[in-house]
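A short worksheet on the structure shown next.
The values are calculated or read from the model by the stated rules, or taken from the named source; none is laboratory data. Because the structure is a prediction, the values reported are computed rather than measured. So basically every Cβ, Gly included, is an ideal-geometry build from the backbone, and we count neighbours across all protein chains shown. Calculation scope for accessible area: heavy atoms of the full protein, side chains included, ligands and nucleic acids excluded. Shrake-Rupley method; radii C 1.70, N 1.55, O 1.52, S 1.80 Å.
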Amino acid sequence: MTGLPMVRPDSMARISTPELAQAFIDEQLYALRAQIGNNKVLLALSGGVDSSVVAALLIKAIGKQLVCVHVNHGLLRKGEPEQVVEVFRHQMSANLIYVDAIDRFLTKLQDVSDPEQKRKIIGGEFIRVFEEVARKQEGIRFLAQGTIYPDIIESGGVKAHHNVGGLPDDMKFELVEPLRLLYKDEVRMVGHTLGLPDNMVYRQPFPGPGLGVRCLGAITRDRLEAVRESDAILREEFAKYGLEGKVWQYFTAVPDFKSVGVRNNTRSFEWPVIIRAVNTADAMTATIEEIPYALLNRITKRIITEVKGVNRVVYDLTPKPVGTIEWE
Ligand code: XMP
């Protein structure tokens, strides 16, 4: 496993500068080439920070021997699948297989309202799509994963959203986990030093099941679009206001009920959009960001005019505990 120890040694310096990140990268390029040789490596590339940094590192180390698989399950934020293709295929010339699995996921999720069941379907289907792609590849020997140190400490080396089982036994590859001893801030520093775009490297946390946990109840295409579009507006306005990177996590959720409103002098029955913006150190507890009123007003105005099917915007003031960060 890239010659990395199982536990982070006390003597390992925190990678807090581009110089230290460069030293880590140089060391890893050497170790990865030694481990992988002329073999092929498969990587599920979601576009999240961890898998993106692993991809960038491996592209540098072994180029086209890396096969990246991006599964678009339809639950990603606006612009994310396009950015994965742009950055990795076009800018970094990676070997990238893009799988449009939107219909497949949404069909499986149809009429499923139980949150745990939704998570299971999304995670399970993801493994199946990935397995199908993997089976078509010849000569894969390694599987790269964006495991980071907190994954190892907190959940025995398994990413939270991978709790749905793994690839079948006949497809057990040797693992390549170059970030397994790094904390998140170090992964970001490495990604930044590798030249990944800031909005990829410094993005806020995004749950594995994606917008599926924010489109509450049974997912429908139109309500999923309302989540995606309102989230995009929120992020755009936070960025314009200089709050990007200053607030830990912010997003919208759309419940599966409608309330009465009035539009063009007629009664409308449409969904509310819930805004959530929290600050936290470790996601175990969270406080509410005091968003300036002018900004809240602007976001509300945009959402009720630009997002189809929405007639109300509400701001969730509940800290964690007792509310969790996600609505789910
Ligand atoms: P809660 O809702 O439990 O969320 O207060 C705490 C943090 O975890 C994120 N979250 C996830 N992250 N896979 C992830 O990688 C998941 O399945 C998942 N579910 C929740 C959530 O966004 C928040 O930052």
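Annotation note: of LEU234, LEU243, the sole residue that is within 16 Å of the ligand (Cβ to nearest atom) and outside the structural domain of GLN117 (by TED's automatic domain parsing) is LEU234. Set side by side, the residues ASN265, ASN279 differ, and just one is over 24 Å from GLY210 (Cβ atoms) and either modelled with pLDDT under 95 or not charged (D, E, K, R) (or both), which is ASN265. When region 278-302 is filtered for residues that are within 12 Å of the ligand (Cβ to nearest atom) and open to solvent by less than 50 Å² (accessible area, probe 1.4 Å), the ones remaining, listed by number, are VAL278, ASN279, THR280, ALA283, ALA286.
Restricting attention to region 1-46, the residues that are among the hydroxyl-bearing types (Ser, Thr, Tyr) and surrounded by 14 or more Cβ atoms within 10 Å (Cβ to Cβ) total 2. Just one of the listed residues (VAL262, VAL278) is in contact with a Lys or Arg (Cβ under 8 Å, 6 or more places away or on another chain) and β-branched (Val, Ile, Thr), and it is VAL278. A single member of GLY139, GLY74, GLY124, GLY63 is at pLDDT below 95 and in the same structural domain as LEU45 (by TED's automatic domain parsing), and it is GLY139. Only residues that are in a loop (DSSP other than H, G, I, E, B) and open to solvent by 10 Å² or more (accessible area, probe 1.4 Å): list them for region 181-195, please. TYR183, LEU194, GLY195 - these are the residues of region 181-195 that are in a loop (DSSP other than H, G, I, E, B) and open to solvent by 10 Å² or more (accessible area, probe 1.4 Å).
Among the residues of region 303-314, those identified as exposed (fewer than 15 other Cβ atoms within 10 Å of the Cβ) and more than 12 Å from ILE275 (Cβ to Cβ) are THR305, GLU306, LYS308. Here GLY208 meets each of (1) under 22 Å from HIS73 (Cα atoms); (2) at pLDDT 95 or above with one exception, condition (2).
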